Amino acid sequence: MGRILDTAMDIAEESFVTASGPGGQNVNKVATAVQLRVNIFGLGLPPAVYHRLVALAGSRLNQKGEIVIDARRFRTQEANRTDARARLAEMIEAALKEPKKRARTTVNRPGKVKRLASKKARSTVKAGRGKVEW
């Protein structure tokens, strides 16, 4: 897991853009928002992990196969950079976790008998709702 995260951080490209929101006059002058781009083909992921990551990325995945994370929550460039990297790491960790397989269950004999009896009772109620013949 650590190897993939390290690789992602190594190949990630950061660019800084002007952000909207809090910051007063400073927001118009300083590029504090961070756009983090990671090409998922360069991560060397197994197919199952790759498909889970694509599903998790959703609209953040572009046509080139890059995950684009836009961080503009904070007023400083460093805080936004840390936020973007943390969000990327979170997404990759979630993709690496294999979902638990659902264990099939079986109904025991009394449960099956009870279910069939209730179906039969319901059937007789509905059968009695027909047109009345004199």
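Read-outs: derived from the displayed coordinates by stated rules, not from any lab. Computed from a predicted structure; not experimentally measured. Here the Cβ positions follow ideal geometry from the backbone for every residue, glycine too, while neighbour counts run over all protein chains shown.
Numbers for the structure displayed
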{"quantity": "HN-Hα J in Hz across segment 123-134 - Karplus 6.51, -1.76, 1.60, θ = phi - 60°, x for Gly and Pro", "calculated": "4, 5, 4, 5, 5, x, 8, x, 5, 7, 9, 8"}
{"quantity": "Segment 37-61-segment 65-120 distance, computed between alpha-carbon centres (Å)", "calculated": "15"}
{"quantity": "Residue-count net charge about Gln77 - beta-carbon cut-off 14 Å; Lys, Arg +1, Asp, Glu -1", "calculated": "+2"}
{"quantity": "Packing-based ranking, highest mean first, of 47-58, 104-115 given that Cβ atoms within 10 Å are counted", "calculated": "47-58, 104-115"}
{"quantity": "3J(HN,Hα) from dihedral phi, segment 36-44, Karplus parametrisation 6.51/-1.76/1.60, rounded to Hz, x for glycine, proline", "calculated": "9, 10, 10, 7, 6, 6, x, 7, x"}
{"quantity": "Under 22 Å from the Cα of Lys114 - lysines, other chains or at least 8 residues apart", "calculated": "Lys126"}
{"quantity": "Charge tally in the Cβ shell below 10 Å around Phe41, where Lys, Arg are +1 and Asp, Glu are -1, Phe41 excluded", "calculated": "0"}
